[in-house]
Structures are given as C-alpha cells and as structure tokens.
Amino acid sequence: MRELSALASDTKQKRKRKILDAAKKLVSEQGAGSLNMKELARIADVPRASLYRSYASKEHIISDITLEWGLSFASRLQTSSPRGRTKGERIKRVFKIILQEAEDNPLLIGAVLGNILSTDDSTRTMQIEFERLLPAALSSAVDCRSIPESKKVMDVLLRLLLANLEMLSSGRSSLKEALSHMVFAAEKLTGEKYWNE
C-alpha cells in the first residue's frame, strides 16, 4: 500500500514539474499575459483536470516560478561568490548579477515582479519568501549582519531593487543606469567606511 502511495506522489511531482517547466518557457518567451490554462495543459501534455489539481490558477503557477527562480538564483550566487577587494565591490557585483538576469530574461522577470507586487492574498507566502532573496544573495558577498542597521538597509535596498528590476525589464532603464542607482544607494546607506572595507 505504501508503494502505491509513493508511486502516486512521484507521478504528481513529475506532472507538476512538466507543468511548471512548460509555464516557465511560455512566460519567458511570451510574457505572463500569454499564460492560459487551456494552452498550458496542451503544451505540458497533461489533462486540464490534472492541471487544475496541481495548480488552482495562473497566479499559483507564477508564484511557484517566482520561488523557484529566487531559490535557484540565490543558490547560483552562493556557489560562485562575487569577488572584489572591498565590501562595496562585492555588493556591486551581486547587484550587477541580479540586474543582468532581468536584462537577459525581461518577460520572466516581469512576470516574477508582477507576482511579487500583487495584492492577491494567495501570493503573500511567496512574497514573504522572496523578501529573503536579497539578504541571501548579498550573503554570498558579505556578512549581512555586519551592515550598519542591516534590517533597515535591506528593506530599502529590496524596494529599490524591485523598482530597478521593473524599470529594466520594461525597457525604461538600462543595466548601467539601474546598477548606478543601486550602487549609489547602497554606498550611502552602508556608509563610505563600510563600503571601502
């Protein structure tokens, strides 16, 4: 009996993976507006009823894409620590990597941002998890606890990062401009002494 339960669970996980991979590809190529449950079921090659058993709505799918992207991104940063002589150079490198991701994948990042900024209650858990992304990303470069007034600084930098990601993914800003805004704010918030250590 236990084997049947494990097999059913494995099948559900594989189906969910197929759906998520198909949704991510669709959103990356055509944007969040292209995500249609009927079309997604066809592309993922799963029955619509199975799709709805795995995901109740497009918002739930995008929430999972957002969390998966955030975890993957933080993990990639952790495995290849940004280098630099000073804390400021290492922090700048983290920002550049994050912003480069938005420039390289504007439709996916646009969907992620739409989900993060949503007022839909169903996305709240994902939003809380996403708030941990910046400290996790920066911890690959510096000990975030060593940043003066780290909680306040992280809150401000996260909001500024979201604004710059939105501007960059929508084409209203360049990578150079977005990075300049982030570096200027981070240096001012952390202080020149900390930045140059």
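Output the relative contact order of the chain, whole-number percent, from Cα pairs under 8 angstrom with separation of 6+ residues.
So the answer I get is 25 percent.
Calculate how steeply helix 175-190 sits against the longest principal axis of the alpha-carbon atoms of the chain, using the helix alpha-carbon long axis, and give the answer as 0 to 90 degrees to the nearest 10.
Tilt of helix 175-190: around 60 degrees.
Each residue of the stretch 37-46 in turn: what ³J(HN,Hα) in whole Hz from Karplus with 6.51, -1.76, 1.60 and θ = phi - 60°, glycine and Pro shown as x?
4, 5, 5, 4, 4, 5, 5, 6, 6, 10
How big is the Rg/Rh ratio for the stretch 73-127, C-alpha atoms only, Rh by Kirkwood, two decimals?
Expressed as Rg/Rh, it is 1.09.
Counting alpha carbon pairs within less than 8 Å and at least 6 residues apart, what relative contact order, in whole percent, applies to the stretch 107-193?
Working: 42 pairs, mean separation 26.2, N = 87.
Computed value for the stretch 107-193: 30 percent relative contact order.
Pick from PRO82, PRO106, PRO47: which residue has the top mean-square fluctuation in a GNM of the chain where Cα pairs under 10 Å get a spring?
Largest GNM mean-square fluctuation: PRO47.
Give me the extension gain from LYS193 to SER122: residue separation times 0.36 nm, minus the current Cα-Cα distance, reported in nm with one decimal.
Extending this stretch completely gives an extra 21.3 nm.
Whole-Hz ³J(HN,Hα) for each residue in the stretch 72-83, computed from phi via Karplus 6.51 cos²θ - 1.76 cosθ + 1.60 with θ = phi - 60°, x for glycine and proline: what do you get?
4, 5, 4, 5, 4, 5, 5, 7, 10, 3, x, 9
List the extent of the Cα atoms of the stretch 90-197 along each of their three principal axes, largest first, rounded to whole Å.
40, 30, 19
Using a simple charge model, +1 on the beta-carbon of Lys and Arg, -1 on the beta-carbon of Asp and Glu, nothing else, what dipole does the stretch 121-197 show about its Cα centre, in debye to the nearest 20?
Using Cβ point charges on Lys, Arg, Asp and Glu, the stretch 121-197 gives about 60 debye.
Which distance in nm do the two modelled labels at ARG83 and ASP104 give, with both placed 7 Å along the Cα-to-Cβ direction?
1.8 nm
Among LYS96/LYS152; LYS24/LYS188; LYS25/LYS92, which pairs are too far apart, with a Cα-Cα distance over 32 Å?
Beyond 32 Å between Cα atoms: LYS24/LYS188.
Please compute, over every Cα-Cα pair in the stretch 133-180, the percentage with a separation greater than 13 angstrom.
Tail of the P(r) past 13 Å holds 60 percent of the pairs.
Quick check for me: using +1 on Lys/Arg Cβ and -1 on Asp/Glu Cβ, what's the dipole size of the chain about its Cα centre, in debye to the nearest 20?
The dipole magnitude comes to about 380 debye.
Mind listing the Cα extents of the chain along all three principal axes, in Å, largest one first?
Sorted largest first, the three principal extents are 61, 42, 29 Å.
Compute the acute angle (0 to 90°) between the alpha-carbon long axis of helix 87-104 and the principal axis of greatest extent of the alpha-carbon atoms of the chain; round to the nearest 10°.
Approximately 40 degrees, to the nearest ten.
Any read-out appearing in this document is the output of simple, stated calculations on the displayed coordinates, not a laboratory observation. These figures come from a predicted structure and were not determined experimentally. With ideal geometry, Cβ positions are generated from the backbone for all residues, glycine too; neighbour counts draw on all protein chains shown.
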